[in-house]
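What follows is one structure encoded as structure tokens, with my remarks underneath.
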Amino acid sequence: MKINWFILIFGFVLSVGAQENSSLNRTVSPSIEFEPTENEITVRFSVFNKEQFDKSIRFQAVVVTKTKDNEIVDRIEKTEDQILGNGEFIDLGTIGASLVNADNIVGFLLIYEDNKIVGQEVVDAQKSELLSSISTLNTTVARSSDFEAALLRTLVIDETKTKRGRDFFSEFYLKFKANNVESTEVVKIREELAIANNTLIKVIAGDDVIFQFFLSPRFNFIEEATNQTVITLNQYFQQQNRLKDETFKYE
């Protein structure tokens, strides 16, 4: 039944099943968000590059609205080529669809590299759930903010002191979440004042300084530093996990 859906939506059978499941979403992290109103829905697509080099990708985004009997009401597709930078998180745009006569909404996002599928995300939602979320939006946002604040305190700690330091932390935290870094220790972003009013940023995991640099006033420096910090932390935690696995094997 799942394959039939892909035939209906994309017009051909995707070769996802022929690929190793582990190969999907290893180098990129695709995501889909629903932004509903009373009679319409906006579906937002984005992707994060987990690797240390730029890559040329093509994405295929599809939104399908269905009745409760699984009959397709509408199908809207968007396909574009993009350059995905080193450690970059980019917004791929949105697709708007009407909720009139629809009971179910499905969002699909495929990421291609060298004509091979490297990323896939599918999100399915009921219209009733989306409309319910609108009426409780303020409560949901408040609870979500409280949860994220608690998560921030336990996983990533802001120890910056200046506006530029806080700007770096904000950008870093967004990409840290988007990359789904599997951290095993508390991460601290510590800002220290150095000689001649220079500012030193230290990225600390547990008790170890993983990465440090001076904040530069150069344009786009924060974005570049953020990308490198996320990549370095990701590599560090992956190495820590490998060491734990190897230790476990020989115990």
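Here are the numbers:
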{"quantity": "Residue identified as out of contact with any Phe, Trp or Tyr (no Cβ under 8 Å at 6 or more places or on another chain), aliphatic (A, V, I, L, M) and modelled with pLDDT under 65 among Leu193, Leu137, Leu243, Leu152", "calculated": "Leu137"}
{"quantity": "Of all residues making up the range 72-103, the number that are without any contact (Cβ under 8 Å) to a residue 40 or more places away in the chain, outside any loop (DSSP other than H, G, I, E, B) and over 24 Å from Asn25 (Cβ atoms)", "calculated": "2"}
{"quantity": "Per-region count, the range 108-123, residues charged (D, E, K, R) and modelled with pLDDT of 90 or more", "calculated": "1"}
{"quantity": "Close pairs from the range 174-197: first closer than 12 Å to Phe48 by Cα, partner of a type in the set (Gly, Ala, Ser), Cβ under 9 Å, at least 6 apart", "calculated": "Lys175/Gly87; Phe176/Ser183; Ala178/Ser29; Ala178/Ser31; Ala178/Ser46; Asn179/Ser29; Asn179/Gly87; Asn180/Ser29"}
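Results for (1) crowded, with 18+ Cβ neighbours inside 10 Å; (2) at pLDDT 90 or above; (3) touching a Ser or Thr at 6+ places or on another chain (Cβ under 7 Å); (4) assigned to a helix (DSSP H, G or I), shown as yes or no for each residue.
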site	(1), (2), (3), (4)
Val181	yes, no, no, no
Thr184	no, no, no, no
Val203	yes, yes, yes, no
Gln228	no, yes, no, yes
Gln239	no, no, no, yes
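The values are calculated or read from the model by the stated rules, or taken from the named source; none is laboratory data. Because the structure is predicted, anything quoted here is derived from the model rather than measured. Cβ: placed from backbone, ideal geometry, glycine included. Neighbour counts: every protein chain shown.
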